[in-house]
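Please find one structure pasted underneath; my questions will follow.
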Amino acid sequence: MALPKKLKLMNLFNDGNSYLGQTGEVTLPKLGRKLENWRGGGLMGNVKVDFGLSDDMIEMTWKLGGIDPLVIQQYGAASISAFGLRFAGSYQRDDTGETTAVEISLRGRHEEIDFGNAKPGDDTEMTMKTIWSYYKLSIDGAVVIEIDIPNLICTVNGVDLYAKHRENIGL
């Protein structure tokens with residue numbers, strides 16, 4: 001019998017600034033593909049054709065206790081890669097004690113900054129929805145997935161899935 005690796009500690013960094021003790025929750029980006037049905041002549045059923053990244057996978061939501069001026073100053077950033085966020089998590093198996101480092105780095109800008117409810121004496125929390133154009137997932141220091149949307153790069157386990165496509169269009 002084996003127990004799963006569970007998140008034990010985490011930290012979030014915004015342009016290098018640590019939110020240790022301030023981050024309430026992080027909803028990590030989903031990984032998804034945009035697959036569309038295709039049933040060509042002679043096929044007895046549909047197949048799903050891969051059209052790249054899914055539309056809803058480019059967001060990460062996260063929460064901070066209180067209020068943070070840095071996030072507010074980032075509002076309305078002009079560039080699709082205006083600032084960097086980095087999630088650092090430490091996962092552990094309780095049967096063996098083995099730990100695993102998981103890091104997600106991304107570059108993007110905020111689509112929403114929600115200040116939540118303001119009531120004296122109650123807990124206050126900000127919620128941000130950050131839309132990314134660059135994403136990198138590393139496990140124990142090894143890059144597993146790297147996606148750079150503007151530069152047409154999608155690397156999985158060291159294989160660039162779009163290298164031949166870039167070559168085909170002269171890039």
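Each reported figure results from applying straightforward, stated rules to the coordinates on display, with no laboratory input. What you are looking at is a predicted structure, and each value in this text was computed from that prediction instead of being measured. Cβ placement follows ideal geometry from the backbone for every residue including glycine, while neighbour counts extend to all protein chains displayed.
From the cross-link list Lys8/Lys119; Lys30/Lys119; Lys5/Lys119; Lys6/Lys63, which pairs have alpha carbons spaced over 27 Å apart?
Working: Lys8/Lys119 31 Å; Lys30/Lys119 33 Å; Lys5/Lys119 38 Å; Lys6/Lys63 20 Å.
Table pairs above 27 Å Cα-Cα are Lys8/Lys119; Lys30/Lys119; Lys5/Lys119.
Work out from phi, with θ = phi - 60° and the Karplus expression 6.51 cos²θ - 1.76 cosθ + 1.60, the ³J(HN,Hα) of each residue of segment 135-150, listed in order in whole Hz, and give x for Gly and Pro.
9, 9, 10, 10, 10, 6, x, 9, 6, 9, 9, 9, 10, 10, 4, x
Please order Thr124, Thr130 by the number of other Cβ within 10 Å, starting at the fewest.
Neighbour counts put them in this order, fewest first: Thr124, Thr130.
Next question, about the same structure. Around Asp114, with a cut-off of 12 angstrom between Cβ atoms, what is the net charge of the other residues, counting Lys and Arg +1 and Asp and Glu -1?
-1
I want the local charge near Gly76. Using Cβ-Cβ distances under 13 Å, sum +1 for each Lys or Arg and -1 for each Asp or Glu among the other residues.
Charge balance in the 13 Å sphere: -1.
Could you check the spin-label model distance between Thr100 and Leu31? Points 7 Å from the Cα along Cα→Cβ, value in nm.
In this crude label model, Thr100 to Leu31 measures out at 1.1 nm.
Check cross-link reach from Lys34 to the lysines: straight Cα distance under 20 Å, and skip same-chain residues fewer than eight apart.
Lys48, Lys136, Lys164
Taking the Cβ of Gly65 as the centre, find all other residues whose Cβ is under 15 Å away and add up their charges (Lys, Arg: +1; Asp, Glu: -1).
Numbers: positive: Lys63, Lys119; negative: Glu25, Asp68, Asp114, Asp122, Asp123, Glu125.
Every neighbour counted, the sum reads -4.
Provide the FRET efficiency to the nearest 0.05 for the Asp15-Met44 pair, computing r from the beta carbons and using R0 = 41 Å.
Rounded to the nearest 0.05, the efficiency is 0.15.
Could you identify which residue out of Ala88, Ala142, Ala118 has the top mean-square fluctuation in a GNM of the chain using Cα springs shorter than 10 Å?
The residue that fluctuates most here is Ala118.
Oh, and also: Longest exposed-loop-site-free stretch of the chain, with chymotrypsin sites (Phe, Trp or Tyr not before Pro), DSSP loop and at most 14 other Cβ within 10 Å?
Values: sites that count: Tyr75, Phe115.
Here the longest segment lacking exposed loop sites spans 1-74.
Relative contact order, percent, of the chain when contacts are C-alpha pairs under 8 Å separated by at least 6 residues?
Relative CO of the chain lands at 20 percent.
Same structure, new question: Can you list the GluC sites (Glu not before Pro) in segment 70-171 that are in a DSSP coil and have 12 or fewer other beta carbons within 10 angstrom? Kindly include the intermediate steps, with their values, before the conclusion.
On the way: sites: Glu98, Glu103, Glu111, Glu112, Glu125, Glu146, Glu167; in loops: Glu98.
Of the GluC sites (Glu not before Pro), the ones in loops of segment 70-171 whose Cβ has at most 12 other Cβ atoms within 10 Å are Glu98.
Hey, what number do you get for the chain at 222 nm if only DSSP H runs of n ≥ 4 count, each worth -39500 (n - 2.57), divided across all residues, to the nearest 500?
Details: 2 runs with 11 residues, N = 171.
That comes out to -1500 deg cm²/dmol.
What's the extension gain from Asn151 to Ala118 if we count 0.36 nm per residue and subtract their Cα-Cα distance?
Details: separation 33, 0.36 × 33 = 11.88 nm, distance 4.15 nm.
Answer, rounded to one decimal: 7.7 nm.
Give a residue-ordered list of calculated ³J(HN,Hα) values for segment 70-85 (Karplus: 6.51 cos²θ - 1.76 cosθ + 1.60, θ = phi - 60°; whole Hz; x for Gly, Pro).
Result, ordered by residue: 4, 4, 5, 5, 7, 4, x, 4, 6, 8, 6, 10, 5, 8, x, 10 Hz.
Then there's this: For the chain, build the charge dipole from Cβ charges (+1 Lys, Arg; -1 Asp, Glu) around the Cα centre, then report which of Val144, Met44, Ile72 sits farthest towards its positive end.
The residue sitting most towards the positive pole is Met44.
Related question: Report, by chain and number, residues whose modeled amide H sits under 5 Å from the one on Ile153, excluding near sequence neighbours (fewer than 5 apart, same chain).
Asp148
Follow-up. Extending each Cα 7 Å along its Cβ direction at Ala163 and Arg93, get the distance between those two points in nm, one decimal.
3.2 nm
Apply the Karplus curve 6.51 cos²θ - 1.76 cosθ + 1.60, θ = phi - 60°, to the phi angles in segment 113-126 and return the couplings in whole Hz, x for Gly and Pro.
Calculated HN-Hα couplings, in order: 10, 9, 7, x, 8, 10, 9, x, x, 9, 5, 10, 8, 9 Hz.
Let me ask something additional. Please give the charge dipole size of segment 15-156, origin at the Cα centre, charges +1 on K and R Cβ atoms and -1 on D and E Cβ atoms. Round to the nearest 20 debye.
500 debye
Just to be sure I understand, if you calculate Cα Rg over 2.2 N^0.38 Å for this structure, which of (i) 1.25; (ii) 0.99; (iii) 1.15 do you get?
Looking at Cα Rg over 2.2 N^0.38 Å for this model, the match is (i).
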